[in-house]
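Here is the structure we will look at.
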Amino acid sequence: MESYEYLVVPAPRKGAKAKGLKSPADRYAHQMTLLLNDLAAEGWEYWRADTLASEERKGLMGTTSVSHELLIFRRLSAAALATQMPAQGYDPAPADPKISDYPPAGDYPEQSRPEPQLGRPENYYDDQSPRLTASRHE
């Protein structure tokens, strides 16, 4: 059975202005496109969107119920990727005999993937240029 790791990020509240995008719906769609493409480049697959309620403080003694729009992403865990690669015909054996001095792949510690660096949401979604295919982090 495949195992996944999940990432939950707040949905953008509004779209950023960009050249050629006139309506709020176009700006918001562009903002979502940037977010989805950035996380897809890091290996995250868009899974679903949810609206969840939470209790938050209001004033000194009061509480209020607030709804949060969240985007949920997933990707295969490192262990699932390790078992999937040999099943797909990937041969980790090196072709160069000089490299064979290294220990077998099973002797290495489990590799960890870096978590996405989203930063503060108000800064992350502030994009002024309409890039459709280029990576934001370059």
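Taken together, the values in this text are just the output of simple stated rules run on the coordinates, not laboratory data. What you are looking at is a predicted structure, and each value in this text was computed from that prediction instead of being measured. Using ideal geometry, Cβ is built from the backbone for each residue, glycine included, and neighbour counts are taken over all protein chains shown.
For Ser67 paired with Ala53, estimate the spin-label separation in nm (one decimal), with each label point 7 Å from Cα along the Cα-to-Cβ line. It is 1.0 nm. Each Lys or Arg adds one and each Asp or Glu takes one away; over the other residues whose Cβ falls under 12 Å from the Cβ of Pro24, this sums to +4.
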